[in-house]
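Q: Structure in structure tokens, see below.
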Amino acid sequence: MFGKGLVKGLVITWKEFWTPKVTIQYPEEQPPVPERFHGRLSIEVDKCIACGMCVNACPNKVIELKKQKVGKKQFLTDYVQNVQYCLFCGLCVEACPKDALHFTAIFNMNQYFYDNLPVVLVQREAPAEPVEKEEPAAKAGSGDKVKPKPKAKVDKSVPAAASEVAAGKAPDKEGQ
């Protein structure tokens, strides 16, 4: 009776010896992260319109958003996430109308000091004057035609020798 239990244990150990390892060496090797993993929050500042829907959608109110209005547009100046209270539920990401928020695959958010827990995602100044976008050219199918702006007149009375010196083709008077 004593030998059967020992042999059975050795058989189980022998089988486990040849199975693939489940354990990884964590700091050196990163575990595989699923595609839909909710890790650290990330924001694309250029897409954000500072509407505040992410702040309203958060059940724990962990997002602090500050905005500044310049002209008719709002600019995001500060965006802070208090990670210690975050549930990583993803409601803020779903509420964003411009898809500016998304989760990254970063899961290690350890901090040594409690004061470092609020993650500052954006901290910038708003521009002093409104940013103008270039007007898109008229579409081929539309009847509106865009008139080209007249170009400023350029004085083309530069002597040919001076233009050759500028182009590096002929030596100037000082170089002779």
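Just so you know, all these numbers are worked out from the coordinates, no wet-lab data involved. Quick caveat, the model's predicted, so the values are computed rather than measured. Because the Cβ atoms are built from the backbone with ideal geometry, glycine has one as well, and the counts that use them run over all protein chains shown.
Q: Of the peptides 58-66, 73-81, how do they stack up when ordered by the mean number of other Cβ atoms within 10 Å, highest first?
A: 73-81, 58-66
Q: How large is ³J(HN,Hα) for each residue in the range 21-28, as worked out from phi by the Karplus curve 6.51 cos²θ - 1.76 cosθ + 1.60 (θ = phi - 60°), to whole Hz, x for Gly and Pro?
A: Coupling constants for the range 21-28: 6, 8, 6, 10, 8, 3, x, 7 Hz.
Q: Let me ask something additional. Sort 30-36, 123-129 for me by packing, meaning the mean count of neighbouring Cβ atoms within 10 Å per residue, highest on top.
A: Order by mean packing, descending: 123-129, 30-36.
Q: Going by a ≥ b ≥ c, the root eigenvalues of the Cα gyration tensor, does the range 54-132 fall in the rounded group (a/c under 1.5), the prolate group (a/b larger than b/c) or the oblate group?
A: prolate
Q: Under a crude label model (7 Å from the Cα following the beta-carbon direction), how far is LYS72 from GLN84 in nanometres?
A: 4.4
Q: Short version: ³J(HN,Hα) in whole Hz for each residue of the range 76-88, in order, from phi by Karplus 6.51 cos²θ - 1.76 cosθ + 1.60 (θ = phi - 60°), x for Gly and Pro, what are they?
A: Each residue's phi maps through the Karplus curve to give 6, 9, 9, 9, 10, 10, 7, 5, 5, 10, 6, 8, 6 Hz.
Q: Let me ask another. For VAL122, which sequence-distant residues (separation of 5 or more, or a different chain) have an amide H within less than 5 Å of its own amide H, given hydrogens modelled in the peptide plane?
A: Under 5 Å from the amide H of VAL122: TYR79.
Q: About its Cα centre, what dipole magnitude does the range 20-94 give when the only charges are +1 on Lys and Arg Cβ and -1 on Asp and Glu Cβ, stated in debye to the nearest 20?
A: Roughly 440 debye for the range 20-94.
Q: Among MET109, MET53, which comes first, then next, by fewest other beta-carbon atoms within 10 Å?
A: Working: MET109 13, MET53 17.
In increasing order of surrounding Cβ atoms, one gets MET109, MET53.
Q: Right, something else. With label points built 7 Å along Cα→Cβ from the Cα atoms of ASN60 and PHE17, find their separation and express it in nm.
A: Result for the modelled spin labels: 4.7 nm.
Q: Answer with one residue from TRP14, LEU41, ASN110: the one whose Cα lies farthest towards the positive end of the charge dipole of the range 1-141, charges on Cβ with Lys, Arg +1 and Asp, Glu -1.
A: Farthest towards the positive end: TRP14.
Q: Using a cut-off of 13 Å between beta-carbons, work out the net charge of the residues near VAL55 (Lys and Arg +1, Asp and Glu -1, VAL55 not included). Intermediate results must be reported in sequence, preceding the final value.
A: On the way: positive: LYS61, LYS66, LYS67; negative: GLU64, ASP78.
With Lys, Arg at +1 and Asp, Glu at -1, the neighbours total +1.
Q: Hey, with R₀ at 30 Å, roughly what FRET efficiency would VAL122 and ILE24 work out to, going by the Cβ-Cβ distance, to 0.05? Intermediate results must be reported in sequence, preceding the final value.
A: Numbers: r = 34 Å, r/R0 = 1.13.
Once rounded, the FRET efficiency stands at 0.30.
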